[in-house]
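The values are calculated or read from the model by the stated rules, or taken from the named source; none is laboratory data. Source: prediction; values computed, not measured. Positions of Cβ are backbone-derived with ideal geometry, glycine not excepted, and every protein chain shown enters the neighbour counts. Note: accessible area is taken over every heavy atom of the protein model, side chains too, but ligands, DNA and RNA are not part of it. Shrake-Rupley method; radii C 1.70, N 1.55, O 1.52, S 1.80 Å.
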Amino acid sequence: MFSRFGSAFKNSARSFSTSAKAEISSNTKRVINGAVGVAGLTAAFVLYEDSQTAKAMTAAEHGLHAPEYDWPHKGMFDSYDHASIRRGFQVYREVCSACHSLDRIAWRNLVGVSHTNAEAKAMAEEYEYDDEPDDQGNPRKRPGKLTDYIPGPYANEEAARAANGGALPPDLSLVVKARHGGCDYIFALLTGYPDDPPAGVVLAPGSNYNPYFPGGSIAMARTLFDDIVEYEDGTPASSSQMAKDVVTFLDWCSEPELDDRKKLGAKAIIILTSLYLMAVWTKKFKWAPIKHRKIVFNPPKPPKKN
């Protein structure tokens, strides 16, 4: 009798101890989770406040934020306006190439994009490039070929700085990718020159005011004026139209494979979606009966005793 009471007491004590431990463990987990949550929220709040107060540059030093424009090639399934690329190359060649280079673009890159093979070859032959020396070792020149890169306006960096008052005109091959805001910033910069700087703004000699340029003082003067270029296709050459075309051309220069990449992306989406649907169908109609089937084992009954 007493042994029964003793075993019952032990069992009840053991169960109470187990439940107490479980409750303590559960409470401990809640406290830890709460502390981690509070610490995370506190850290996020501190970082947010720090980001609101810490300013490496003032608004004037950073430049006016460019507005966002709806570019024709901005969509996921949209391609470049190739007529605009052709006009933009004309603007670059007649206006921008006087100071800026395109070191990463060859004449062959224009073929099939904005110009025909014959047109690109004719433009390349207008320039002379270094050729192999003759038998006496004298340097020779040859007409340009499609494989040659578009030449820049200056022989070296020193010549570029000397011709621009110490300022170095950047290469435009990747300028859209290298500037915050991309196409929007370049377009706003080209069309953002006011007739006169605001009152109180003092510019260094040889500088020009542009609110979209960091600091507002830029060495490049306004270069795009209405009808400064006569388009081959008869498009009115307003300053905004020329800026739009040359920005489209420079965006293509920074990413010539964009159209091909979008085509491959569309093909990949179609293929992967088809494979996904096939996998769903296979799982639903092929594997579902096998996965959910029930196997029952009925053991043989023992033989009856005589």
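Of all residues in the range 101-125, which are part of a helix (DSSP H, G or I) and open to solvent by less than 90 Å² (accessible area, probe 1.4 Å)?
Trp107, Asn109, Leu110, Asn117, Ala118, Glu119, Ala120, Ala122, Met123, Ala124
Yes/no matrix, rows are residues, columns are (1) touching a residue at least 40 places away in the same chain (Cβ under 8 Å); (2) farther than 30 Å from Pro214 by Cβ:
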position: Pro67; (1), (2): yes, no
position: Asp70; (1), (2): no, no
position: His100; (1), (2): yes, no
position: His115; (1), (2): no, yes
position: Tyr129; (1), (2): no, yes
Q: Please identify the pairs in which a residue from the range 174-202 that is without any contact (Cβ under 8 Å) to a residue 40 or more places away in the chain has its Cβ atom under 7 Å from the Cβ atom of a residue that is surrounded by 16 or more Cβ atoms within 10 Å (Cβ to Cβ) and outside any loop (DSSP other than H, G, I, E, B), counting only partners at least 6 apart or on another chain.
A: Arg179/Tyr185; Arg179/Ile186; Tyr193/Asn208; Pro194/Tyr209; Pro197/Tyr209; Val201/Tyr209
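Taking Ile218, is it without any contact (Cβ under 8 Å) to a residue 60 or more places away in the chain, closer than 29 Å to Pro72 by Cβ and among the hydrophobic types (A, V, I, L, M, F, W, C)?
Yes; evaluated as a whole, the condition is true for this residue.
Any residue that is outside any strand (DSSP E or B) and closer than 30 Å to Arg161 by Cβ - is there at least one of those in the range 256-272? Spell out how you get there, then give the answer.
From the range 256-272, those outside any strand (DSSP E or B) are 256-272; that's our starting set.
Going one step further and asking which of them are closer than 30 Å to Arg161 by Cβ, we end up with 256.
Checked against the condition, which is being outside any strand (DSSP E or B) and closer than 30 Å to Arg161 by Cβ, the range 256-272 yields at least one hit.
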Q. Restricting attention to the range 266-273, does a residue exist that is open to solvent by less than 100 Å² (accessible area, probe 1.4 Å), among the β-branched types (Val, Ile, Thr) and over 30 Å from Tyr80 (Cβ atoms)?
A. no
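Being under 26 Å from Met123 (Cβ atoms), among the polar types (S, T, N, Q), open to solvent by 60 Å² or more (accessible area, probe 1.4 Å) and assigned to a loop (DSSP other than H, G, I, E, B), is that true of even one residue in the range 235-251? It would help to see each step written out before you state the result.
Quick first cut of the range 235-251, residues under 26 Å from Met123 (Cβ atoms) only: 235-239, 241-251.
Still in the list and also among the polar types (S, T, N, Q): 235, 238-239, 241, 248.
Then drop every residue that is not open to solvent by 60 Å² or more (accessible area, probe 1.4 Å), which leaves none.
So far as the range 235-251 goes, no, none of its residues is under 26 Å from Met123 (Cβ atoms), among the polar types (S, T, N, Q), open to solvent by 60 Å² or more (accessible area, probe 1.4 Å) and assigned to a loop (DSSP other than H, G, I, E, B).
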Q. Limited to the range 38-96, what total is found for residues that are surrounded by 11 or more Cβ atoms within 10 Å (Cβ to Cβ), of a type outside the set (Asp, Glu) and modelled with pLDDT under 85?
A. 4
Q: Using the structure shown, decide if Phe77 is part of a loop (DSSP other than H, G, I, E, B) and either among the small types (Gly, Ala, Ser) or touching a residue at least 12 places away in the same chain (Cβ under 8 Å) (or both).
A: yes
**Q.** First in the range 139-162 and among the acidic types (Asp, Glu), second anywhere and not in a helix (DSSP H, G or I), Cβ under 7 Å, 6 or more apart
**A.** Asp148/Ala106; Asp148/Tyr129; Glu157/Leu168
Q: Kindly provide the set of residues from the range 126-183 that are open to solvent by 70 Å² or more (accessible area, probe 1.4 Å), outside any helix (DSSP H, G or I) and hydrophobic (A, V, I, L, M, F, W, C), ordered by number.
A: Ala155, Leu168, Leu174
Q: Within the range 199-209, identify whether any single residue is part of a loop (DSSP other than H, G, I, E, B), modelled with pLDDT of 95 or more and open to solvent by less than 60 Å² (accessible area, probe 1.4 Å), and answer yes or no.
A: no
